Amino acid sequence: MEQQIILRVRPDETVCFPALCVACGQPAGERLALQKRRGQVTRRLDAPLCAECARRLARRSGDEERLLRLSWPAAILVTLLSAALVAAVLPFGSWWLRLALGFALGVISGAFVRRVLVRRAEATELPERRAVRESARIVDFTWRDMTLAFTHEEMAAQVAALNPDYLPGEQPLEEQPEAGDAGAPDNE
Ligand SMILES: [Zn+2]
């Protein structure tokens, strides 16, 4: 069960964490970089992580590794091929116009191919890595507050207790009973 807390924290203010790993509760020496993008704005936050969970976070499955390594050359190849193809088959315009159009469309298809491969790689993520990555998340934010979610209730309670100034009056802790969408990695 995931526990969410809302903090009235602005972009230039920092959130205090206990010196304990957000994934397992052991003493922490490493960091889990949280980030959430909304449109052009990205909010970042570092959560504490123990050395063991940092190692789990760095471990990739063989398939993940292969797909990520393949994604750039595949994207470049698709970009060049579609640029050449579009430039060759377009029935109008001068050669440089066709080439420019072809290149623009090539870049779009190359980016698409890379995105598909990165998505595939994410789907082969090791479960223990995903557990660490999702142990703390920025669910949402505005210019004046931020919603954080933790897989461990005690961590949510400790973060709330360490940041009393940022707690909105009425709703210090909000329970999120359905874990249904918690496993979806691509909801940003
Ligand atoms: Zn840990």
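Where a number appears in this text, it was derived from the coordinates with a stated rule and is not lab data. In this text, all values refer to a predicted model and were calculated from it rather than measured experimentally. Because the Cβ atoms are built from the backbone with ideal geometry, glycine has one as well, and the counts that use them run over all protein chains shown.
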**Report entry** Between helix 62-89 and the chain: long-axis angle, C-alpha atoms, 0 to 90°, nearest 10
**Finding:** 30
Requested in this report: Determine the relative contact order of the stretch 1-148: mean sequence separation of Cα pairs under 8 Å and six or more apart, normalised by residue count, in whole percent.
Outcome: 31
Report task. Could you state the angle between the C-alpha long axis of helix 153-162 and the longest principal axis of the C-alpha atoms of the chain, as a value from 0 to 90 degrees rounded to the nearest 10? Result -> 70
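Check each of the GluC sites (Glu not before Pro) in the stretch 1-68 and keep only those in coil by DSSP with at most 15 other C-beta atoms within 10 angstrom; list them in order. If you can, show how the numbers build up before the last one.
Details: sites: Glu2, Glu13, Glu30, Glu52, Glu64, Glu65; in loops: Glu13.
Those that pass, being in a loop and sparsely packed, are Glu13.
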Query raised in the report: Which of the chymotrypsin sites (Phe, Trp or Tyr not before Pro) found in the stretch 49-158 are in a DSSP loop and have at most 10 neighbouring Cβ atoms, other than their own, within 10 Å?
Result: Phe92, Trp143
Query raised in the report: Among Phe150, Gly110, Gln40, whose Cα lies farthest out toward the positive end of the dipole of the stretch 22-167, if unit charges sit on the beta carbon of Lys, Arg (+1) and Asp, Glu (-1)?
Result: Gly110
